[in-house]
Amino acid sequence: MSPARDRFDLRGRVALVTGGSRGLGREMVLAFAQAGADVVIVSRKLDACASVADEVTRTYGRRALAYAAHVGRWDEIDRLVDDVYDAFGTVDVLVNNAGLSPLHGSPAEVDEVLFDKVVGLNMKGPFRLAALVGERMLAAGHGSIINISSISAVLPRPEAIVYAAAKAGLNALTIALARAYAPVRVNAIMAGPFLTDVAKAWDMEAFAAVAQDLYALRRAGQPEEIAGAALYLASDASSYTTASILRVDGGSS
């Protein structure tokens, strides 16, 4: 068996990460580049993607493509896939990370626009992107798809019902796509609370108190703490892992 460090080696591979310009997405992009992968950084803001792409090239010497797209819209997803394959010839790792988690009042206050927006970005878009890339990975005989889910999928809160339902759907899609596209591996990371930009709106004192009971580690995660799980699922280290929903949540209960 190859050394452990070789099993996490991504040299010669291309990783596409949606929502890759900040937060958990940025940390995964950097981890993949450090492991040797060329990367495609996708978000709606091209300048933010370009900034991360420049960091990748300067720090790790890897090829990096910045690409602006709304991955809740299928026409933009179709163009994205065609353009990335034209540029690189392959996608070996796909991370569906882009998401939207707005809070709302009572369920009756959720309008159709909000519902469609949340489901579109958290479930509909990832389905389409995984389907298009999965078909090409299947033809190539290999690949890894990683869907970034949320602990909300199994611990839904009333103020985020639509988000929780979309992430639960994403978990189901993960398992079904793994069966549809084997030997391509399809897994999900069910993330808990991380101190990304979203956390700036939190009442940190209140969260710290709640975390003592809700999380075994009694804290939120740092964004870079997603990298180990992502690198495992992206690399040959997880060669016998598929249809798995991996909790990276500090031990929520």
Helices (runs of 4 or more DSSP H) wholly in region 136-253 with at least 3 residues that are without any contact (Cβ under 8 Å) to a residue 24 or more places away in the chain - which ones? 161-181, 204-214
Based on this model, can you work out whether Phe8 counts as buried (at least 24 other Cβ atoms within 10 Å of the Cβ) and not β-branched (Val, Ile, Thr)? no
Just give me the residues in region 154-169 being surrounded by 21 or more Cβ atoms within 10 Å (Cβ to Cβ) and either under 17 Å from the mean Cα position of the chain (by Cα) or among the acidic types (Asp, Glu) (or both), in sequence order. Tyr163, Ala164, Ala166, Lys167
Which of the residues belonging to region 121-149 are open to solvent by 50 Å² or more (accessible area, probe 1.4 Å) and within 18 Å of the chain's Cα centre (by Cα)? Met123, Lys124, Phe127, Arg128
Members of region 14-39 that are in contact with a Gly (Cβ under 9 Å, 6 or more places away or on another chain) and of a type in the set (S, T, N, Q): Thr18
Would you check if there is a residue in region 102-109 being buried (at least 16 other Cβ atoms within 10 Å of the Cβ) and either part of a loop (DSSP other than H, G, I, E, B) or at pLDDT below 95 (or both)? yes
Among the candidates Ala206, Ala176, Ala172, which residue alone is open to solvent by 20 Å² or more (accessible area, probe 1.4 Å) and either over 22 Å from Ser144 (Cβ atoms) or charged (D, E, K, R) (or both)? Ala206
Only one of Leu217, Leu195, Leu233 is open to solvent by 40 Å² or more (accessible area, probe 1.4 Å) and within 20 Å of Val29 (Cβ to Cβ); which? Leu195
List the residue pairs whose Cβ atoms are under 7 Å apart, where the first residue sits in region 81-92 and is surrounded by 14 or more Cβ atoms within 10 Å (Cβ to Cβ), the second is part of a loop (DSSP other than H, G, I, E, B) and of a type in the set (Lys, Arg), and the two are 6 or more positions apart or on different chains. Asp92/Arg13
Restrict the check to region 17-25 and report whether at least one residue is of a type in the set (Lys, Arg) and part of a loop (DSSP other than H, G, I, E, B). yes
Filtering region 34-53 down to residues that are open to solvent by 80 Å² or more (accessible area, probe 1.4 Å) and assigned to a helix (DSSP H, G or I), which residue is farthest from Gly72 (Cα to Cα)? Gln34
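The values are calculated or read from the model by the stated rules, or taken from the named source; none is laboratory data. Being a predicted model, the structure only gives us computed values, none of them experimental. Here Cβ is always computed from backbone atoms with ideal geometry, including for glycine, and neighbour counts include all displayed protein chains. Each accessible area value is taken on the protein alone, full model and side chains, heavy atoms only, with ligands, DNA and RNA left out. Shrake-Rupley method; radii C 1.70, N 1.55, O 1.52, S 1.80 Å.
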